[in-house]
Structure formats: structure tokens, C-alpha cells
Amino acid sequence: MKRVMEQVRALHRLEPANNDHLAALRVALSVAVPSLLLLAAGRTDLMIYAVFGALTGMYGRSEPHQLRLRHQGQAALVLLTGVAVGVTLSINHIHSWWLVAVEATLAGVGSVYSDRVHLKPNGPFFGILALGACASVPTTVPWYAAILIAGGSALFSILIGFSGWMRRRAWKPGATRSVPARSWAGRRELAVHAARYVLAVGAAGTVGVISGSGHPHWAMAAAAVPLVGADLPSSVRRGVHRIVGTFLGLAVTAVVILPGPWALAALYPAFEEPVHHATVLALLVILFQFATELFMTRHYGLAMVWFTPVILLMTQLAFPAEPQVLILERAVETLVGALLGILVVAVRRPGARTPAAFPALLRFPRRPRH
């Protein structure tokens, strides 16, 4: 019973702060500048590419400047690959089963790559999220323009992340030293971890397509979340945080985009005008992204409360849809995807099928690889 209570407390435990406001400001600035430029140009529909490029700033938050520079460059490659593949699928109107196959494959490749270069946040999550989101909206500019927007935003994020060096001008010896080659056992573990991603993401996408959902990529992204956990208990906790945080985030989103006496449109009638509507949504994306990064390493569930409206508002700006359907599909796809991800982790981990493995759920977990 004591261990059960420890797991329950771990679900809502807020980790100690570690200059989170500085990292949040860096990411918010990285998102704000390209987003405001697009807002001034009247092209808020292109913010989705700028924001995914700006997510480069989420990597290497507590690392020395030269190591952060290296890791953010590697993270930019993951994100820009996701954007480029997503735009390609969108232009060629490739959806459903092809989307599942491509995204599952890149989830495995992204897992191997992020594990080899030790990215933090770990895993291919943001890359496959960018892929699915960009594939799900029509591309209203030439493919190279979308990639240039994302690339310029990523470059700006890297410059923001490195700017602190101008004040300190301090290098940590050995910070960018090459990682030693993996042993056979290490390479096998890396391959098995990638296979879990392919299985979880592919299964979630399959369920999404069969169910007729318009956004199976949300299920695929949610399925990748539990695989970041360092062990089975932390993977389960990560999945629960994803579900609960998303549901609360959908309530926040509903206040913004659903009609009703509680909505912004009722409190501020001018909000219904297209220009004002897009402006408010764009500013909320910046604000919510700041809140996301503020809690990302302290409590994943709280971070999802704010990251959920970021994704949905970007989607609405790029390709407006029926708000009720959008919110409902997000809820269902997240629930299905996260549960499938937890299932894959539980089944595939060594010893998980034996009775002795089940008490592991009650052991106090290690912190996940953020």
C-alpha cells in the first residue's frame, strides 16, 4: 500500500524549479518573433511552420552553451525533417495508410538518432508531431517556402539559445566530446527501443484510420509519449499525464474557440472578426508555449494543459475546422494513442510477461528522460 501511495503522489508531484523561467523565456521569444512577423504580414496560417521550427529552443535547456548549440542543431534536423516530410505528404494529398507507414518508420529512425546523439527531450516525439500536423493541413505556399519558414525559425531559436554565451563567454571543457561507441548490448537496446516506437506509433495510427478519424496523427504522437519513460512505472505515469493534461487543455481550448457565454467571442464581440480572431489566437499560441516550457521538466501533465491549445490553435489558424469535432477527435485520439503506448511498453519490456514483473509498477520510479 505504501508503494501504491508513492505512485499516486508521483502523479501530481511538482519537481523542483531549475531556472525554468529562463528556458521558457527563450522558447517564448523563439516562437514570438517569427509568429509576430507572420502576423504583421497577415499570414497567421503559416505560423504552424514557424512554431515547429521554434521548438528547437526546447532542447538542451540546462546544458553548457557549446553542448546546447550542438544538440539544438541536431534537434533542428529532427524537426525540419518532420516538417519537410509532412509538407510533401500534404502537397501530394497522401493521407491515411501512407501517413501511418511513413510516420511509424520515421518514429523508429528518429528514436535511433535521438538516442545516439542523446537529445533532451529524448525521443522522436516533436519530429513526428510536426510531420503529422503539417501533413494534415493544406500547404498554401510552395514547399520550399514552408521549409524556409521553419528553418529560419529554427536558426533564430539556436541563436537565442547561444546568446547567453555572449555574456559569460565560458566553455565547459569536454562538453561536446564524442559519445563512446555502443557495445553490442547497447546497440541491441537501441534497436529494440526503436522497434517499440514503430509498433506503438503504427498501431495507434492503424486504429485512427480504421475509426475514420480525421487526425490519426494525434493518436500516433500520443503513443510515442510513454516510451520516453525510464522504466515501466514512469512510462505509465507519463501516459496518464498525457491523457489528463490533454483533457484539461481541451477545456482551455474550448473557452477560446467554442461558442457560448463563456467564450472570448461573447466577452469581446470584435473577436469574431477574422483579423482580430487570428491576432488573438496567434498571441495565445505564444503565451501558451511559454507556459508549456515553464512546466515541461517539472510536471509533464501541467505542460500538456498548455501545449494542447498550442497545437489546436495552430491547426485552426492553418486550416479552420468545426471546433467541436476538433476537440472531440483530439480527446479520443490522445486516449487511444497513450493507452496503446503504455501497452507496448508493458508487453515489450524484458520480464514484463512474468508474474514477477507486475510489482515493478509499485516501485518508486526513476525520473523520465525529458
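Structure notes:
- Three principal axis extents of region 93-166 based on alpha-carbon atoms, in descending order, are 48, 32, 14 Å.
- Note on residue 21 and residue 94: the model spin-label points, each 7 Å out from Cα along the C-beta direction, lie 4.7 nm apart.
- Computed lengthening from residue 143 to residue 210, 0.36 nm per intervening residue step minus Cα-Cα distance: 21.2 nm
- Whole-angstrom Cα spans of region 278-322 along principal axes, big to small: 32, 19, 10
- Within-9-Å neighbourhood charge of residue 221 [Cβ basis; K, R +1; D, E -1]: -2
- Label-to-label distance, nm, for residues given as residue 105 and residue 191 (7 Å Cα→Cβ offset): 1.9
- The slack between residue 155 and residue 347, meaning 0.36 nm per residue of separation minus the straight C-alpha distance, is 65.1 nm.
- Evaluated over region 1-104, the Cα radius of gyration and Dmax, each in Å: 18.7, 59
Here, each number is a calculation from the coordinates, and none is a lab measurement. Small disclaimer: the values here were computed from a predicted structure and weren't measured. Positions of Cβ are generated from backbone atoms using ideal geometry, with glycine treated the same way; all protein chains shown enter the neighbour counts.
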